[in-house]
Amino acid sequence: MKRTPAALALLTLWIAALALLGWFVQRQLVIGADLRLFLPNPVTPEQRLLLEEIGEGPASRVLVVALEGADAPVLADVSRALVDSLRENPNFSVITNGEMSPDAVPDELLPYRFLLSPTLDTQPLDEKYLHGELLARGRDLASPAGAFLEEWLPRDPTLELLQLLQRWQPMQEPHREFDVWFDRAGRRALLLVVTHAPGFDPDRQKVALGDLEHALQQVAGDRKVKMTVSGAGKFSVLMEARTRGQAQAFGTAATVGMILLLLVAYRSFGSIVLSSLPLASAAIAGMAAVSAIFGTVHGITLAFGFTLIGVAQDYPLHLLSHRRPDHEPADIARGLWPTLATGVASTCIAYLTFMFSGVNGLAQLACFTVASLAVAGVTTRFGLPVLMARAGRDFGDSRFLDRLWDRIAALPHMRWTAAALAAVGIGVIVLAPQAFWENDLSRLTPVPRDLLITDAQLRSELGTADARYLLVVGATDSEQALRTLETMEPSLQALVKSGAIGGYDDAARYVPSPETQLRRQQRLSDAATLRETLQRSQTGTPFRAGVFDPFVQDVEHARSLPPLTVEKLRGSPLGASIDMLLTQRSGGVSALVTLSGVNDVAALQAFVRKAGNVSLLDIKDASEQLIAAQRTRILWSLAAAAVLLIIVIAVALRGRSRVLRVLAPMALTTVLVLAVLRASGESLNLFHLIALILAAGLGLDYALFFEHASADRAEQRRTLHAVLVCSLSTLMVFALLGLSDVPVLRAIGVTVTLGVIFNFVFALLLTRPPPGDAA
Amino acid sequence: MLPVLSATAATLDADALIGRLAKPAPATVAFREVRFSPLVNEPLIVAGELGYDGPTSLDRRVSEPYRETVAIRGESVRVEREGEPVRSFGLNRAPELRGLLSGFTALLAGDPAVLEHSFKVEASGTDQAWTLELTPIDARARRRLQQIVVNGRADVPQCFTMLTAKGGASVLLLGATADRELPKPTTLDALKHLCSAE
């Protein structure tokens, strides 16, 4: 490193600029975790609904909690205490263990019970009915249940509220022990929790999970109860932690390895510090560009972005390797610039196509990478040389490199072998038996299989909604939606009866349509009549005259109530269920009928065809279509990128043979990496594609530098030195990632590792000047 | 002689008394329950037998004036009545019942430590005619169940009176006392008298 005033001033300015940009990023950038950023804009209503489901839909917010490890009575007790302690927690909109409690219904909704319960459809409040009910209540009062019913009876002698609560239970009743949900074996107490945070918000999910854990510790005390939490939110927290942990561990190992490698290669700490400056500048500039243009950035964008700018690490290494004692670094940088600039420009232009892919996350990724690479290239060219002292030695002047280069030069040219390899590679790609593309959306955030199995078990025990099939009713407003749902009721009941589905849930189970409510309202007798009927029906019961006045008042109140609307219920504790089932959208309302225990899809399809105004949403199918659409866009972007790349190289190099020699290793590598992946049984996903793009960018740089060095023997040694250091450092980083057991990291690691090896070998074999050209 | 007698009476040993009440499970005892409620004209009276089978299992079988079985198993209460569907609810919803259960079973277990775990215990009277006042320690439980008063003679509990916080009350007459004729009119005071009388 130079210690001239100019160099020190530049270094100070540089670091100050980075600090300033860093401050801007820190202030501006919001890191989002919404997976939808990485999906294309929805086209069909199903896709729109799907995206809502994925992002913040009911399914993504539901957590299933299992308590085990103690006797059933203890578990039931802990389950109740857990519900009590979390009921007021702001992170959860619902926490329930199946126990019905009249306290759950807010006071102002109580008079509505006559309009909401179907009792009045078949049973008027006549003398015979009331007499029977009152006799039963007298016995209830004398039973141990008496003490807690006592305060309810004056207001609700028919226990209408309990009937209503019963009706609101899941249709496929989970197994119960001691009145709370258990699995069928009676070994695990089960609870259902709905978080306010969407499933794919690991930060807020983490807070909610922490609260859950804390509450358990509080209520369980010294009783040994083991809690298992399962659901999308839990998975996103888990995968985030695991991915972050492994990325950090491998990142640390890679950094240490990198420093050792650079020390061996350049024998100077100063060089290592200098070489990190362009990369640091690239990262911060990339984030600044994304914050300025997009405001929020997806966590995945950042992770991928940092992967992709690994190419930028190579730029200063080329400069370091090419230094010589007899030349100023500035001259060397000037000499390398055409090659470096071609590499930077072609890669950047290729990435630019992703800006127009229609996938927001990819556009961010492109923005990030283009800004980063440009900054890394420019700082390597204009910044670094000013700070750099002349090298003490010529890195090309090495006996090892000499011998290595001679051996390589002795290798036969492999044009035909390369062509044959390409043909075999394409054959393997085409013939591998597994599906070419991975269409399963869940693989984007892959969850270990055993966790998914536990999740499926717990969900089936609770009879929670099927994750794949949903019925969707479109309507202009909530009232119309409720009416439609009510007309569907008999057919749905028939489907349950025939076993096609185990049960269903829809908004009309909670709020009947206004017409139904008005019809029930008309069946309520006026206060005077009811009081008289009560008086007569009280004969022969132990109850005191006038004790049921609150009941008469409630009925009178119910007679004049406007029908309960969905909007009114939304604000109550029951709102969470309604929110999930009836969502306001631009241009109307869509009502969901969630299904549980789907056995016969054909019967559902037949029902949908007959009903006409309802559609069956197959989430798996819709998500696969969406992924396919996303891939089509990415592939078109890739094709455009490839064409642009060829044009840029052609313009820069001029001359068919040179262009071919530079592009051949990259193309052959891509084919062979694909072939190896296919042969090992992988189906390709987004992560493979991104890794392939990175590998192609690296390969292009290797080939460009080898091509540039073709004339001069000493320059060839220096280039070999540079490319060796570059490829070894990249190889180390990605080979480590390839060891990860997080599928995403492994996919990227393995693909890039293969890409680096192939690219290096083919750049040597194919880009090397033909024998006649050698000096 | 007299001072000695009064000294014995004053220092009635609650722990020893409770120890003497122990009855091995399973045990059954006849009962008659008189329940006072502001909702009814006359107190509600039922009779039958209580079956005790360990600290988490209690059956209350009513045979008069109708048949009804309430079975407490752990945290769950199950109510079966002729001509009606079976109903069940959690014990946590009926603190009176929990109080009865823990008081009753602790007495039958004859273990003062168990009793003192949930109740403040005050004993008065003599070894022959005694009264135990059990007040729930937990403030939350006390909001529903104010106090349980147990009257007995020698090593036989006779009356089990539960006073709820809202002024309700329920008196369980046990064993031979259950067969005695109820005072007319049946008021709480009259029952108190019956329980503490010879």
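The values are calculated or read from the model by the stated rules, or taken from the named source; none is laboratory data. As the structure is a prediction and not an experimental result, all values here were calculated from the model. FYI the Cβ positions are ideal-geometry reconstructions off the backbone, even for glycines, and counts take in every protein chain you see.
General remarks:
- Taking region A:186-209 as the range and being out of contact with any Asp or Glu (no Cβ under 9 Å at 6 or more places or on another chain) and assigned to a loop (DSSP other than H, G, I, E, B) as the test, only A:196 passes.
- Whichever residue in region A:499-520 is modelled with pLDDT of 90 or more and in a helix (DSSP H, G or I) and, among such residues, is surrounded by the most Cβ atoms within 10 Å (Cβ to Cβ): A:517
- Given (1) assigned to a helix (DSSP H, G or I); (2) touching a strand residue (DSSP E or B) at 6+ places or on another chain (Cβ under 7 Å), number of the condition residue A:297 does not satisfy: (1)
- Among the residues of region A:276-299, those that are surrounded by fewer than 24 Cβ atoms within 10 Å (Cβ to Cβ) and β-branched (Val, Ile, Thr) comprise A:284, A:293, A:296.
- Listed by first and then second residue, the pairs with beta-carbon distance under 6 Å, at least 6 apart or on different chains, first residue in region B:26-53 and free of Cβ contacts under 8 Å to residues at least 12 places away in the same chain and at the interface with another protein chain (Cβ under 9 Å from one of its Cβ atoms), second surrounded by 20 or more Cβ atoms within 10 Å (Cβ to Cβ) and charged (D, E, K, R), are B:44/B:35.
- Every test in (1) outside any helix (DSSP H, G or I); (2) more than 14 Å from chain B (Cβ to nearest Cβ); (3) of a type outside the set (D, E, K, R); (4) in contact (Cβ under 8 Å) with a residue 24 or more places away in the chain is passed by residue A:547 save one, and that test is (2).
- Within region B:71-89, tally of residues that are at the interface with chain A (Cβ under 7 Å from one of its Cβ atoms) and surrounded by 21 or more Cβ atoms within 10 Å (Cβ to Cβ): 3
- Residue satisfying all of: in region A:123-152; at the interface with chain B (Cβ under 9 Å from one of its Cβ atoms) and in a loop (DSSP other than H, G, I, E, B); surrounded by the most Cβ atoms within 10 Å (Cβ to Cβ) among these: A:143
- Failed criterion for residue A:493 (all others in (1) under 16 Å from residue A:171 (Cβ atoms); (2) crowded, with 18+ Cβ neighbours inside 10 Å hold): (2)
- The residue of region A:306-333 that is nearest to residue A:723 (Cα to Cα), among those that are of a type in the set (D, E, K, R) and assigned to a helix (DSSP H, G or I), is A:314.
- Residues of region A:59-87 classified as closer than 10 Å to residue A:189 by Cβ, more than 9 Å from chain B (Cβ to nearest Cβ) and either touching a Gly at 6+ places or on another chain (Cβ under 7 Å) or basic (Lys, Arg) (or both), total: 0
- Which numbered condition residue B:111 misses (of (1) out of contact with any strand residue (DSSP E or B) (no Cβ under 7 Å at 6 or more places or on another chain); (2) within 13 Å of another protein chain (Cβ to nearest Cβ); (3) of a type outside the set (S, T, N, Q)): (2)
- Some residue of region A:524-542 being over 19 Å from residue A:486 (Cβ atoms), touching a Leu at 6+ places or on another chain (Cβ under 7 Å) and among the charged types (D, E, K, R): no
- The residues of region A:736-748 that are closer than 26 Å to residue A:418 by Cα and either among the β-branched types (Val, Ile, Thr) or modelled with pLDDT of 90 or more (or both) amount to a single one, A:748.
- Scanning region A:103-120 finds one or more residues that are away from every other protein chain (no Cβ under 12 Å), buried (at least 17 other Cβ atoms within 10 Å of the Cβ) and outside any helix (DSSP H, G or I).
- Selected residue [in contact with a Pro (Cβ under 7 Å, 6 or more places away or on another chain), modelled with pLDDT of 85 or more, closer than 22 Å to residue B:36 by Cα and buried (at least 16 other Cβ atoms within 10 Å of the Cβ)] from B:134, B:163, B:97, B:174: B:174
- Which numbered condition residue A:155 misses (of (1) free of Cβ contacts under 8 Å to residues at least 12 places away in the same chain; (2) within 12 Å of chain B (Cβ to nearest Cβ)): (1)
- For region A:325-361, a tally of residues being crowded, with 19+ Cβ neighbours inside 10 Å and either more than 20 Å from residue A:381 (Cα to Cα) or modelled with pLDDT of 85 or more (or both) returns 18.
- Filter pass, residue A:216 being in a helix (DSSP H, G or I) and loosely packed, with under 13 Cβ neighbours inside 10 Å: no
- Test result for residue B:57, within 14 Å of chain A (Cβ to nearest Cβ), at pLDDT below 90 and surrounded by fewer than 20 Cβ atoms within 10 Å (Cβ to Cβ): yes
- Test for residue A:728: is it assigned to a helix (DSSP H, G or I) and farther than 30 Å from residue A:397 by Cβ: no
- Total residues in region A:164-198 satisfying the condition of being surrounded by fewer than 20 Cβ atoms within 10 Å (Cβ to Cβ), within 21 Å of residue A:93 (Cβ to Cβ) and within 14 Å of chain B (Cβ to nearest Cβ): the figure is 2.
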